[in-house]
Amino acid sequence: MKKFLLTSAAVFGLATAVAAEPVNYVLDASHSQIVFSYNHLGFSTTTGMFSGFDGAISFDAENPAASSVTVEVKADSLITGWNERDAHFLSDDFFGAGAAPLITFASTGIEVTGENTGLITGDLTVNGITKSVVLDATMTQMGDHPMANLPWVGFNATTTVLRSDFDMGMFAPYVSDEVAIEISIEAMVPAE
């Protein structure tokens, strides 16, 4: 029994010593998008997008709850498909891009809900106002990128926010206060 305990302790110690470190990824800006949609007066669903943003993920495969993510988006990268609407959204009526040019997200906690799913809680800052939000996230794939020959990971996530929480409530409730957000990102281990 004593030999078993010593062997077990040695194996446990070895396993702890060789436990994998978190892997640091940077977002692939060319394949990462944030799409938002809202109801316009009951007549249509209007959509906008942010793309080309920066971010980093520290992913701990052994303990995903210890992972983290940060994202920084330039507000003026907004695309809605209508230049006049883009200009209005970037004004002080909505995103306030002049005074608050960046939209940021920084995770504060992760709850693992399944083999490839989790709830990522974090601080979202829009229009200079920070609120806690929860992203319902799914890891879509992890492995070596077939063309870049680098470790790669992909995630999709969704959430809903109230734009009035960020002092962007103009025309609510006629134009919906609720904004649905869909996120799809790819991230890579940077080449050395």
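The values are calculated or read from the model by the stated rules, or taken from the named source; none is laboratory data. All figures in this text were calculated on a predicted structure; none of them were measured in a lab. Ideal geometry is used to build each Cβ from the backbone, glycine not excepted, and the neighbour counts take in all protein chains shown. Areas reflect the complete protein model, heavy atoms only, side chains present, ligands, DNA and RNA absent. Shrake-Rupley method; radii C 1.70, N 1.55, O 1.52, S 1.80 Å.
Here are the numbers:
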item: Qualifying positions in segment 39-63 - open to solvent by 40 Å² or more (accessible area, probe 1.4 Å), within 16 Å of the chain's Cα centre (by Cα) and either modelled with pLDDT under 95 or farther than 30 Å from ALA20 by Cα (or both); result: MET49, GLY52
item: Criterion: open to solvent by less than 40 Å² (accessible area, probe 1.4 Å) and not in a strand (DSSP E or B) - qualifying residue of GLY154, GLY122, GLY169, GLY143; result: GLY169
item: Flag for ASP136 being under 20 Å from GLY52 (Cα atoms) and of a type in the set (D, E, K, R); result: no
item: Yes/no for THR160 being under 20 Å from ALA66 (Cβ atoms), open to solvent by 50 Å² or more (accessible area, probe 1.4 Å) and of a type in the set (Ser, Thr, Tyr); result: no
item: Test result for PHE95, touching a residue at least 24 places away in the same chain (Cβ under 8 Å), part of a loop (DSSP other than H, G, I, E, B) and surrounded by 14 or more Cβ atoms within 10 Å (Cβ to Cβ); result: yes
item: Only one of VAL26, VAL73 that is in contact with a strand residue (DSSP E or B) (Cβ under 9 Å, 6 or more places away or on another chain), of a type outside the set (Phe, Trp, Tyr), at pLDDT 95 or above and open to solvent by less than 50 Å² (accessible area, probe 1.4 Å); result: VAL73
